[in-house]
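Below is one structure, written out as structure tokens; the observations come after it.
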Amino acid sequence: MQTALGLPIIDFFSSGSTDVKFDYWKLPGAYLDAFLSNSRDEKTNHATDWNKINLERAIDWTNRALESLDEVYEKCSVANWDGYNAQPISREAYFEASKLLRILPNSFPIPDIGPEPDGGVGLEWYKEKWFSFIVSVNGKNIITYVGRFGKNNHFYGTESYNNSVPEIILNGLKRLFSN
Amino acid sequence: MKQKNTISSAEVITRYIFDKTHYARTKNNVKYRSFLPRNGETSIFRINNLGDKQIWDIGENYVAIISSRTLLARGDLIASDIFEEGLEIKSDTREHKLHANIVGWPLGERGKIIFLATNLADKAQLHLKP
């Protein structure tokens, strides 16, 4: 199995680092930058042990995210999937989420994908308590987003859904992961 | 003992969880999705002064069986956690004397609803079903 860029999918994403040797020089330029930024000794700026590289930001997670979306859709396409009379995930919401996952930059971590009781699908990047970013679609060509950057620091709103990721969402994700 | 219809700020309430995407075992947290309302209400139970077994029994006997779902976990909150978000708790004893609903969700404001649900989720204490 390969990623969209032809890289092999290796199942160690969740750990964030690995002991597996990796052919790093074959990576495309944008990924290489991510590799290099994660592979320098903080004090000397010399390359660190190549056997322990943080690969999470450098691997295309799109296929894995789409598989996760498929699982959620399959399981929650019936009413009352949550025990509280939830609506089934709509086909439209599924396609919107699928489209969004394909165009989100892989430089951010893979989101947690889950169903919402109104038939929508939510993508969540959860860093820690009070620090998270959520993008939600419910098949009406509207993206709802919520960004939380501390207990009293947040924004939320909606954007029309076209074929690109709204700037406010990209900026919110950058903000979440820049701290 | 008859329950009061008024819920005090110090009362403990719980949201039973039946879907594995509604909590994260590894991060020990409840997900916002578990608190999202359906038709303007989020069903909860008042569990003040109940033992752990009693709390799980309510979830099994009055929620899981009726909905034919497997009870996986629950998220406990203090009533004040809910009031602080501008939401209310309304007692609804038709099915069970300890049942209530979180109400007052801003209808039509999907962003704000998700925001409030994330806040409740972050305040909630996750308990996994033994």
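Bear in mind these aren't lab numbers, they're just calculated from the coordinates by the rules spelled out. Only a predicted model underlies this, so the values are computations on that prediction, with no experimental measurement involved. Heads up, the Cβs are rebuilt from the backbone with ideal geometry, glycines too, and the neighbour counts pull from every protein chain shown.
The ellipsoid that matches the Cα gyration tensor of the range B:1-59 has semi-axes, each √(5λ) in whole angstrom, of 23, 16, 11, with the longest given first. As an exercise, use a Förster radius of 51 Å and the Cβ-Cβ distance of B:Leu50 and A:Glu71 to find the FRET efficiency, rounded to the nearest 0.05. It comes to 0.90. Couplings for the range B:43-58, taken from phi via the Karplus curve 6.51 cos²θ - 1.76 cosθ + 1.60 with θ = phi - 60°, read 6, 9, 10, 8, 10, 4, 6, 9, x, 4, 5, 4, 5, 5, 4, 4 Hz in order; Gly and Pro are left as x.
The packing ranking of peptides A:108-115, A:95-102, B:114-121, highest mean first, is B:114-121, A:108-115, A:95-102, where packing means the average number of other beta carbon atoms within 10 angstrom of each residue. Each other residue within a Cβ distance under 14 Å of A:Leu69 adds +1 if Lys or Arg and -1 if Asp or Glu, for a net charge of -4. Averaged over the residues of B:99-107, the number of partner chain Cβ atoms lying within 10 Å of the residue Cβ comes to 0.
Taking max minus min of the alpha-carbon positions on each principal axis, the range B:1-100 gives extents of 35, 30, 28 Å, largest first. Label zone (A:Ile168, point 7 Å along Cα-to-C-beta; backbone nitrogen cut-off 14 Å) within the range A:121-150: A:134-136, A:142-148.
Mind checking the mean number of beta-carbon atoms from other chains within 10 Å of the Cβ atoms in B:27-36?
5
Label point of B:Ser9 set 7 angstrom out along Cα-Cβ; within the range B:83-113, amide nitrogens under 11 Å from it belong to B:83-84.
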